[in-house]
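Chemist: If you scroll down you'll find the structure; I have some questions about it.
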Amino acid sequence: MEYFVQQLINGITLGSIYGLIAIGYTMVYGIVGMINFAHGDIFMVGAFLALIAFLVLVALGISTVPLALFIVLLVSMALTALYGWTVERIAYRPLRHSFRLAPLISAIGMSIVLQNYVQVAQGARVKPLPPLVHGGYTLFEGNDFAVRLSNIQIIIIITTIALMTGFSFLVARTRLGRNMRACEQDLKMAALVGIDVDRTISLTFVIGAALASVAGLMFLLYYGVVDFFIGFLAGVKAFTAAVLGGIGSLPGAMIGGILIGLIETMWSAYFSIEYKDVAAFAILIIVLIFLPTGLLGRPEVEKV
Amino acid sequence: MTAPVLMVEHLTMRFGGLVAVNDLSLVVRRKEITALIGPNGAGKTTLFNCITGFYKPTVGRLLLSHSDGKSFLLERMMEFRIARDARVARTFQNVRLFAGMTLLENLLVAQHNTLMAASGYTMLGLFGFPGYARAQRRAVDRARYWLDRVGLAERADDPAGALPYGAQRRLEIARAMCTEPVLLCLDEPAAGLNNRESAELNTFLRAIRDENGTSILLIEHDMGVVMEISDHIAVLDYGIMIADGAPAAVRNDPKVIAAYLGVADEEIAQAEASL
Amino acid sequence: MPREGEPDKPSDFLTAVKEAAIAALVAFGLFVLLIGIRTDQGPTGALVFTTRFGALAAIVAGVFVATLLRALFWRRLTLSFGQIAPASVKNAVARLTNYAAAAFLVFALVVPIIFYGNRYLLDLGILIVTYTMLGFGLNIVVGLAGLLDLGYVAFYAVGAYSYALIAQYFGLSFWICLPLAGILAAFAGILLGFPVLRLRGDYLAIVTLGFGEIIRLILLNWQSLTGGPNGIPGIPRPSFFGLPFNNSEHGFAATFGLTYSPTHRIVFLYYIILALALLTNWVTLRLRRLPIGRAWEALREDEIACRALGVNTTTTKLTAFAMGAMFGGFAGAFFATRQGFISPESFTFTESALVLAIVVLGGMGSQLGVAVAATVMLGGFELFREFDQYRMLVFGAAMVAIVIYRPRGLVATRTPSVLLGKIKDIPAPIVRDARTETPA
C-alpha cells in the first residue's frame, strides 16, 4: 500500500512533465493538423538551455536557489520559445499548402537537425547536474516503507497546476485564445474574418515551446541528468498522452500526461523495467487503433 | 412505371444531436432519372452517403435490386462492396479524380475488380500470363468507349488534373460508368458548367438511361437540368421529404415553393399559431 | 511586380539590411547559450563550461550576410535562371534521364571489375546497393501507395534476425533462409498492417514508428533468443552453389583454379545484393502495370474515390505493406550474412529515417530517383567522413530543404502505367514536348 502511494506520487510527477509537453502537440495538431515531430526535441533543447543558463548564473555568483531557478525559468522559456518560432517559420510555414505528408517529413528532418545540432554543440555525453532542491516531507510510514513527497515533486506539481490554470485562462478569455480557437475550427474562415492566421500559428508554436521548456527544466531538476537523445522518448510518450487525452483537447493533454506517467511508473514498479518503453509504445498503438479520438476528443466524421 | 431499383425505407441519419435525414422513404425506379432537390443542408448528400455506404444510417433500410432478381441490403454493406457487388456507382460534389494519373488510368482503376481477377490476383499477371493481357485490352477498349462518349478520347494519356473543370466532371461520370453500375448516383453533376456544357450533360445522361439502361439518381440545384431530364423528382427539406412526383406536379407544389423561396418569419408564426 | 531586378534602390537595400539584422538577432538568441557556451564534465565530475564567443560571432555574422545576400539577390537569381533555362535545356535534361537509368545499370554491373582492387569502394558499393534496395522496398509503401511508414527498419530487422536465427539453430543455408526471411518479414508486415491500416496518414506514421521501436526493444531485451545488446555473432556466409569462399581445396578459388583472394567473396556479395535490388526493381515496375499497382497509386491520389469504385482499400494497403516488408526482409537477410554479426544497434529509427529520406529525395514513386538518391546520400556521407558528427545534421537539414524546395524529389515526372498511344492527336503544346523527348 505504502509502496503503491509512493508510486502514485512519482507517477503524477512524471505525468506532469509529459502533460506539459503534450500541450504543445495537442495545440499544434488542433490548429495546423500536423504532428510536430520535432516537439520532443524542443523539450530537449529547453532542458539544455536551462542547464547552461544555470551554470552561467552560478559562475556570475547568483547562487540563491529560488532566484537562480526563477531566472533560469525565464531565460529558458524565452530562448526555447524562439526555437519553436524559428522551427515553424523555417520548416513548416512554407509547407502549409504542400502535399499531405510534407509537414510530417519536414518535422522528422527538423527533429534530426535539433538532436544532432545539440550533439555537435554540446557533445554526446550525458550532462549531470547535482541536485539543487533538497528535502521533502515524509507523509506516513508503515511496513518499513516511508512514503515521501520531495520538495522537487511539490515544485513540479505546483508549477504545472499554475501553468495549466494560466494557460486555460489564456485560451478561454484572451483575444489570442479566441483567435486560436477560431483557427482550430477553420483556418480559412478565421482568415476571412480578419484573424492574422500566420501570427496565431506562430504564437501557438511559441507557447508550446515555452511550456516544453518548463518541462525540460523540471526534467533536469528531477533526474539531474540530460543528454541530446531525451527528446525522442519523452516526445513519443507526450504524443501518446495527447492522443490518449483526445488530440486538440487541453485538459485531455494533461489527463493523458498523468495517465501515461502513472502507467509507466506502475509498470516499472510492478512488472519489468526493461519493457517500460515497450509498454509506452504499445499503449500508443492500442490507443490509436481503438480510441483514436481519445478520452476527451471530438469524434470525427469523414468528409466525403 | 418500371420496377424499383432502390427502395429507401424509413431512413434516419443522426450526427450527435443533429438529424440530417429524418424517417425518409423513397423509391428510385429502373431506367428512370430521379432527381433529388432541396435547399442547402436538406440532407441530400447525406442520403447519397448512406446509399453508397460512406455513412451507416442510424435507422432504416436500403434495398437495391438487380433485374436478375438479386437484391442487396445496402445499409449492411461496406462502401467498396456496394460499388463492387451491388453495383452502385457515384460521383462527388467536389470532383474526386486521381489527378496525377492519366484519364485512361482513371478508367482502368474503375475496372479494378475485373482486372484483378483476370490477373489471378496479381500472381498470374506478374509472370505475364496471356489471359491478363486480353483482359487488359478489353478494359482499355471499354475505357476508350467511355472516353469517346464524353469526348475526351484525344486526351486519354494526359493527367486528369490537367483537364478543365467541365471535362473533369464528365470524366468522373465516365469513370463511374466503367464500373457498369445498375444505379448511378450523381452529386451535382451540372455545378460549375456553362450553358452549352449543361445541355450536353442532359443529352449524355438521357443516353446513359436509354442506351445503357442505367438508373440515375442525381442531386442538382440547376432547375433547368432537373426539370428537363428528370422522370421523377423528390424534394427534401430539413431531412424530410416534402414532395415527390413528376416534374410538373412538383413544380407547382406550394410546399416546394415555400421551401425554395422561403417564407417570412411572421407567416411561420401565423402558421404555428393556427395549429 | 514593380521594381523587379532593381535591388540597388536604397529602400530595398534598407529593407534587406533590416531583415538581415533581425535574422542575426534571432540567430544570436538561438545560439548564444548552446554554441556560445560549451559544457563538459570537469575532473571532479561536475560540469564546467568554456566560452566559444568566436564561433558564436562567426555564425551570427554568417546568418546576417546570408540573409542579406538572399534578400538582395534571390529574386534576381531565380528570375534569371528561369530565363536562361529555355526549353532546349529542359529537353536535354529530360532526354538525359532516359539514358540515365541504362547508364546507371551498366555502371552498377561493372563496378566490381573497375574497382576490383579497391576493397573500400567495393564495400561502399555494397552499402549503396543495399540502401537502394531498401529504398525500392519502401518506395512501394510510401511512393506508390502513399502510406508513410516510419518503422520500415523493423522489417529489415525481422529479415536479419530471421536469417541469423534460422541459420544458427537449423543450420540451413543462405539460399534457403533468404526466402524464409522475406516471408517472415512480409508476415510481420501483415500482422502490423491489419489493425493499423484504417488509420489516417499521420497516425499511421506514428504507429509504424512505435512498431519499429517495439521490435528493437524486444530484440534488445529478449536476451535468451537474440543475445540482447551483444547481438548474434558468427552468422554463416553464403556459398557459391555449395562452394565456400575460403582457402580450402574445396573452396571457390581452388575449384576454379584461381588464386585465393578474400575479394572474391566481396564481389560475390556485391552481385547478390545487386541481383536482389534488380529483382525488387523488376517486380515493382511490373506491379505498377498491373491492377494492384494502379490501385496503389489511386489510393495515394484519393482513397475515398477508390472505395467508391469498389477497390478494397484494406487488402490493397495490406499487399503494399507486405510487399515492402518482404523486400526489407530480403535486404535484412543479406545484411546479416554480409556483416556476419548483427545487434539491435543497427536497427534504430535513424535507419528508417535514412531510407525514408532516400525515397523522399529520389522523388516518391521513381525508381531511378531512389537509386540516384541512395548514391548521392551514402556517397556524400563517405566523402565527408572526417566531418562524421556533422553528417546527420546535414542529412536532417537536407530532408527539410528537399520537402520545401523540391517536394516531388529529384525525379518528379511520373510515367503512365498504360498508354492509349494516340500521341499525334494530343493538342499542340503537349505534342511538342512529346516529340522533342524522343531522339530524332
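Chemist: Being surrounded by fewer than 24 Cβ atoms within 10 Å (Cβ to Cβ) and assigned to a loop (DSSP other than H, G, I, E, B) narrows it down to one residue among C:LEU199, C:LEU220; which is it?
Modeler: Among C:LEU199, C:LEU220, only C:LEU199 is surrounded by fewer than 24 Cβ atoms within 10 Å (Cβ to Cβ) and assigned to a loop (DSSP other than H, G, I, E, B).
Chemist: Could you please tell me which pairs satisfy a Cβ distance under 8 Å, a separation of 6+ or placement on different chains, a first residue in the stretch B:105-120 that is closer than 15 Å to B:ASP85 by Cα and more than 7 Å from chain C (Cβ to nearest Cβ), and a second residue that is at pLDDT 90 or above and open to solvent by 10 Å² or more (accessible area, probe 1.4 Å)?
Modeler: B:GLN111/B:ARG142; B:GLN111/B:THR179
Chemist: Here is a follow-up. Quick check: is even one residue across the stretch A:55-66 closer than 14 Å to A:VAL236 by Cα and touching a Phe, Trp or Tyr at 6+ places or on another chain (Cβ under 7 Å)?
Modeler: Within the stretch A:55-66, not a single residue is closer than 14 Å to A:VAL236 by Cα and touching a Phe, Trp or Tyr at 6+ places or on another chain (Cβ under 7 Å).
Chemist: Kindly provide the set of residues from the stretch C:369-387 that are of a type outside the set (A, V, I, L, M) and closer than 21 Å to A:VAL120 by Cβ, ordered by number.
Modeler: Within the stretch C:369-387, C:GLY380, C:PHE381, C:GLU382, C:PHE384, C:ARG385, C:GLU386, C:PHE387 qualify.
Chemist: Being crowded, with 18+ Cβ neighbours inside 10 Å and modelled with pLDDT under 95 is true for just one of A:ILE112, A:ILE90. Which residue is that?
Modeler: Result of the check over A:ILE112, A:ILE90: A:ILE112.
Chemist: Mind listing whichever residues of the stretch C:378-403 are closer than 24 Å to C:LEU144 by Cα, under 15 Å from the mean Cα position of the chain (by Cα) and within 13 Å of another protein chain (Cβ to nearest Cβ)?
Modeler: C:PHE395, C:GLY396, C:ALA398, C:MET399, C:VAL400, C:ILE402, C:VAL403, listed by residue number.
Chemist: If you go through the stretch C:126-140 one residue at a time, do you hit one that is within 14 Å of chain A (Cβ to nearest Cβ), at pLDDT 90 or above, part of a loop (DSSP other than H, G, I, E, B) and closer than 26 Å to A:ALA102 by Cβ?
Modeler: The answer is no; no qualifying residue exists.
Chemist: Those residues that are assigned to a helix (DSSP H, G or I) and either touching a His at 6+ places or on another chain (Cβ under 6 Å) or surrounded by 14 or more Cβ atoms within 10 Å (Cβ to Cβ) (or both), I need them from the stretch B:229-256; list them, please.
Modeler: Listed by number, the residues that qualify are B:ILE229, B:PRO247, B:VAL250, B:ARG251, B:VAL256.
Chemist: Confirm whether A:VAL65 is within 11 Å of chain C (Cβ to nearest Cβ) and among the aliphatic types (A, V, I, L, M).
Modeler: no
Chemist: For the stretch B:60-98, enumerate the residues that are hydrophobic (A, V, I, L, M, F, W, C), farther than 18 Å from B:PHE48 by Cβ and open to solvent by 60 Å² or more (accessible area, probe 1.4 Å).
Modeler: none
Chemist: Tell me, please, whether a residue that is part of a helix (DSSP H, G or I) and closer than 25 Å to C:ALA205 by Cβ can be found in the stretch A:61-79.
Modeler: No, the stretch A:61-79 contains no residue that is part of a helix (DSSP H, G or I) and closer than 25 Å to C:ALA205 by Cβ.
Chemist: Could I ask something else about it? Name the residues in the stretch C:32-49 that are open to solvent by 20 Å² or more (accessible area, probe 1.4 Å), more than 8 Å from chain A (Cβ to nearest Cβ) and modelled with pLDDT of 85 or more, would you?
Modeler: Passing the criteria: none in range.
Chemist: What are the residues in the stretch C:111-125 that are assigned to a helix (DSSP H, G or I) and either open to solvent by less than 50 Å² (accessible area, probe 1.4 Å) or touching a residue at least 12 places away in the same chain (Cβ under 8 Å) (or both), if any?
Modeler: C:VAL111, C:PRO112, C:ARG119, C:LEU122, C:ASP123, C:LEU124, C:GLY125
Chemist: Of all residues in the stretch A:125-158, count the ones that are more than 8 Å from chain C (Cβ to nearest Cβ) and modelled with pLDDT under 85.
Modeler: 18
Chemist: With respect to the numbered conditions (1) surrounded by fewer than 21 Cβ atoms within 10 Å (Cβ to Cβ); (2) more than 29 Å from B:VAL27 (Cα to Cα); (3) touching a Leu at 6+ places or on another chain (Cβ under 8 Å), which one is the sole condition not fulfilled by B:LEU193?
Modeler: (2)
Chemist: If you don't mind, another one. Show me the helices (runs of 4 or more DSSP H) found entirely inside the stretch C:233-301 where at least 3 residues are open to solvent by less than 10 Å² (accessible area, probe 1.4 Å) and either of a type in the set (Asp, Glu) or touching a Gly at 6+ places or on another chain (Cβ under 9 Å) (or both).
Modeler: C:263-288, C:291-301
Chemist: Working carefully through the options C:PHE321, C:PHE330, C:PHE335, find the one that is touching a Gly at 6+ places or on another chain (Cβ under 6 Å), more than 14 Å from chain B (Cβ to nearest Cβ) and within 13 Å of C:TYR131 (Cα to Cα).
Modeler: Result: C:PHE330 is the single residue among C:PHE321, C:PHE330, C:PHE335 that is touching a Gly at 6+ places or on another chain (Cβ under 6 Å), more than 14 Å from chain B (Cβ to nearest Cβ) and within 13 Å of C:TYR131 (Cα to Cα).
Chemist: Look through the stretch A:52-62, keep the residues that are within 11 Å of chain C (Cβ to nearest Cβ) and either open to solvent by 50 Å² or more (accessible area, probe 1.4 Å) or within 17 Å of the chain's Cα centre (by Cα) (or both), and return whichever of them is nearest to A:LEU74 (Cα to Cα).
Modeler: Across the stretch A:52-62, the extreme among qualifying residues is A:VAL58.
Chemist: Would you mind telling me which numbered condition in (1) without any contact (Cβ under 8 Å) to a residue 24 or more places away in the chain; (2) open to solvent by less than 50 Å² (accessible area, probe 1.4 Å) C:ALA371 fails?
Modeler: (1)
The values are calculated or read from the model by the stated rules, or taken from the named source; none is laboratory data. Nothing here was measured: the structure is a model prediction, and the numbers come from that model. Using ideal geometry, Cβ is built from the backbone for each residue, glycine included, and neighbour counts are taken over all protein chains shown. The area values use the complete protein model at the heavy-atom level, side chains included, leaving out ligands, DNA and RNA. Shrake-Rupley method; radii C 1.70, N 1.55, O 1.52, S 1.80 Å.
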